[in-house]
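Bear in mind these aren't lab numbers, they're just calculated from the coordinates by the rules spelled out. Here the structure is a predicted model, which is why all the values come from computation and not from measurement. No Cβ is skipped: glycine too gets one built from the backbone with ideal geometry, and neighbour counts run over all protein chains shown.
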Amino acid sequence: MKGIGVILEKLGIEDVNHGVTTGQSSWESGGALLESFSPVDGRKIGAVMQASRGDYDRAVETASLAFKSWRSIPAPKRGEIVRQMGMKLREYKQELGTLVSYEMGKSLQEGLGEVQEMIDICDFATGLSRQLYGLTMHSERPQHRMYEQWHPLGVVGIISAFNFPVAVWSWNSMIAWVCGNVCVWKPSEKTPLTAIACQHIIQDVLKDNSVPEGVSCIVSGGRDVGEWLAQDPRVALVSATGSIPMGRSVGETVARRLGKSLLELGGNNAIIVTPTADLKIAIPAIVFGAVGTAGQRCTSTRRLIVHDSIFEEVKNRLAKAYGQLKIGNPLDPGIHVGPLIDRQAVAQYQNAAEQIKQAGGSFVVAPGVPEGDQYASGCYVTPCIAEVENHWAIVQHETFAPILYLIRYSDADEAIALQNDVPQGLSSAIFTNDLRDAERFLSFGGSDCGIANVNIGTSGAEIGGAFGGEKETGGGRESGSDAWKAYMRRQTNTINYGTALPLAQGIKFEI
Ligand code: NAD
């Protein structure tokens with residue numbers, strides 16, 4: 001890519017980079033080299049030295065030591081440091097957003113949007129640092145005061161996925177830091193350079209504020225490094241974002257040592273389109289939800305549940321819209337659909353298309369792999385639409401690619417049952433102008449997902465709300481609202497300021 005050299009230089013990315021850091025310093029780690037290739041044009045961008053077990057241990061030891069001093073810094077002061085990180089991210093937004101786009105393959109606008117999310121969460125965390133509220137309760141015993149307070153946990157391990165290579169780290173780390181924790185980040189092995197860039201961006205803030213070494217660590221590597229975090233009793237909380245099999249493995253491993261985990265896993269998100277839906281807004285929302293980030297968002301729209309009476313119309317309008325999609329270099333602003341992350345993802349897309357055919361599905365818009373110089377990386381696919389049945393195995397499974405399933409319904413109960421009838425429970429939406437349909441969808445008998453929207457699509461969430469999903473999506477919540485509580489331990493305190501010792505529940509004990 002033209003101009004990438006200047007961007008890499010500004011972000012401090014070299015041909016070979018230290019992949020293990022404890023914040024202000026890094027060292028030549030003992031693991032094998034991990035190379036990063038851009039799915040945009042197939043070029044090698046750079047490499048990182050992965051963590052060996054010894055490097056990993058050194059990082060976690062440094063982090064554990066740093067926790068002892070970091071936790072004693074008042075939360076609003078920690079918030080001030082996070083505020084400064086937000087200022088740095090503003091300064092490097094263009095460069096980091098471009099690298100996210102080039103290394104991961106999402107559009108430049110989405111790359112910049114991802115950095116904006118990081119900036120927003122810094123602002124949110126700064127405010128939060130003065131609002132880590134506990135409750136005060138009335139004690140049943142005279143001259144007693146009872147309250148709860150929140151203390152930091154310790155080392156928070158962050159395992160992140162390739163599709164939001166930097167934002168997920170900030171959702172976790174900025175909140176974890178103001179809560180008084182230290183962080184050890186295991187970024188996706190598919191996007192190792194964006195992680196190193198983040199560390200470079202915040203490095204001066206760490207130095208200028210004399211933040212203890214180890215508050216912000218990175219341990220680069222693959223699945224094995226993630227497994228070390230999951231197994232490690234020194235890691236109080238493992239926040240893991242990625243596929244359901246990964247979450248199952250991390251969840252089980254952490255549970256075996258009775259640790260805490262926060263799981264943000266795959267989705268199988270649906271939009272219900274009712275007869276009263278305003279198709280003027282529904283169609284663009286569906287198309288963006290299904291093809292944005294080439295269908296590689298956890299909240300991408302995968303299933304469309306459409307009422308019989310408007311099924312043909314919706315189908316035809318979608319086919320027309322898909323006919324106008326431009327596939328190509330995501331850094332070009334005229335392009336709608338960029339590449340998948342790698343050729344393996346293309347093979348999974350092709351395999352899914354084959355399974356759809358075998359199950360009896362018919363394609364409204366055919367799948368394909370475009371050819372030509374601009375697609376030479378071999379990572380591009382054509383977004384497709386298939387008429388299917390919800391219960392088919394392939395439809396029940398999250399394929400991380402731009403495949404949209406069309407499903408019919410005839411009454412409102414059936415639509416909600418279809419929407420809920422998948423193992424995942426992340427995001428959902430309904431397009432309707434009928435108040436009853438909308439309220440029913442949002443009620444306890446409606447969508448069973450962590451996110452349920454009316455007249456906006458499934459993808460794209462604001463940082464102010466708690467983000468996450470139910471069932472096989474893992475149940476975790478991060479980012480806004482009171483998601484910070486997952487990063488702290490609650491302590492209930494009772495203070496007796498009287499001269500007697502009354503026991504609770506009126507129990508008498510005389511000696
Ligand atoms: P992935 O599961 O292949 O990898 C995610 C991370 O987990 C990587 O860092 C990887 O090295 C690590 N990992 C893999 N197996 C592990 C194990 N057994 N133990 C410890 N660590 C392990 O996922 P991916 O392909 O990078 O990302 C796509 C998936 O992530 C999709 O399923 C998507 O829906 C999901 N995702 C979910 C959310 C959410 O918030 N719910 C957000 C983004 C992505």
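Here's a check for you: in region 413-446, which residue that is part of a loop (DSSP other than H, G, I, E, B) and within 16 Å of the ligand (Cβ to nearest atom) is nearest to the chain's Cα centre (by Cα)?
The selected residue is 426.
Taking interchain pairs and intrachain pairs at least six residues apart, which have beta carbon atoms under 6 angstrom, with the first residue in region 492-511 and under 27 Å from residue 134 (Cβ atoms) and the second of a type in the set (D, E, K, R)?
Partner pairs satisfying both residue conditions: 492/148; 495/145; 502/141.
Looking at 66, 51, 75, 59, which is the one that is under 19 Å from residue 171 (Cα atoms) and aliphatic (A, V, I, L, M)?
One residue alone meets the criteria, 75.
Could you count how many residues in region 211-222 are surrounded by fewer than 24 Cβ atoms within 10 Å (Cβ to Cβ) and either under 22 Å from residue 92 (Cα atoms) or in contact with a helix residue (DSSP H, G or I) (Cβ under 8 Å, 6 or more places away or on another chain) (or both)?
So the answer is 3.
Could you tell me which residue of region 300-337 is surrounded by the fewest Cβ atoms within 10 Å (Cβ to Cβ), considering only residues that are in a loop (DSSP other than H, G, I, E, B) and either within 16 Å of the ligand (Cβ to nearest atom) or of a type in the set (D, E, K, R) (or both)?
Here the residue is 326.
For region 237-249, how many residues are more than 13 Å from residue 476 (Cα to Cα) and touching a strand residue (DSSP E or B) at 6+ places or on another chain (Cβ under 6 Å)?
0
Inspect region 255-277 for any residue being near the ligand (Cβ under 9 Å from one of its atoms) and either without any contact (Cβ under 8 Å) to a residue 40 or more places away in the chain or out of contact with any helix residue (DSSP H, G or I) (no Cβ under 8 Å at 6 or more places or on another chain) (or both) and give the result as yes or no.
yes
Within 16 Å of the ligand (Cβ to nearest atom) and in a strand (DSSP E or B), is that true of residue 297?
no
Looking at region 447-479, which of its residues are in a loop (DSSP other than H, G, I, E, B), small (Gly, Ala, Ser) and in contact with a helix residue (DSSP H, G or I) (Cβ under 6 Å, 6 or more places away or on another chain)?
Result: 447, 457, 459, 474.
So which residues in region 411-439 are farther than 18 Å from residue 389 by Cα, surrounded by fewer than 19 Cβ atoms within 10 Å (Cβ to Cβ) and charged (D, E, K, R)?
Within region 411-439, 434, 436, 439 meet the criteria.
Quick check on residue 158: is it of a type outside the set (Phe, Trp, Tyr) and within 14 Å of the chain's Cα centre (by Cα)?
Answer is yes for this residue.
Could you tell me whether any residue of region 34-52 is of a type in the set (Lys, Arg) and surrounded by fewer than 21 Cβ atoms within 10 Å (Cβ to Cβ)?
There is at least one residue in region 34-52 that is of a type in the set (Lys, Arg) and surrounded by fewer than 21 Cβ atoms within 10 Å (Cβ to Cβ).
How many of the residues in region 185-234 are in contact with a strand residue (DSSP E or B) (Cβ under 8 Å, 6 or more places away or on another chain), near the ligand (Cβ under 8 Å from one of its atoms) and of a type outside the set (Lys, Arg)?
Of the residues in that region, 8 qualify.
In region 104-162, which residues are farther than 30 Å from residue 298 by Cβ and among the charged types (D, E, K, R)?
The answer is 130, 140, 141, 145, 148.
Just a yes or no: is a residue in region 167-181 within 15 Å of the ligand (Cβ to nearest atom), farther than 18 Å from residue 126 by Cβ and touching a Phe, Trp or Tyr at 6+ places or on another chain (Cβ under 9 Å)?
So far as region 167-181 goes, no, none of its residues is within 15 Å of the ligand (Cβ to nearest atom), farther than 18 Å from residue 126 by Cβ and touching a Phe, Trp or Tyr at 6+ places or on another chain (Cβ under 9 Å).
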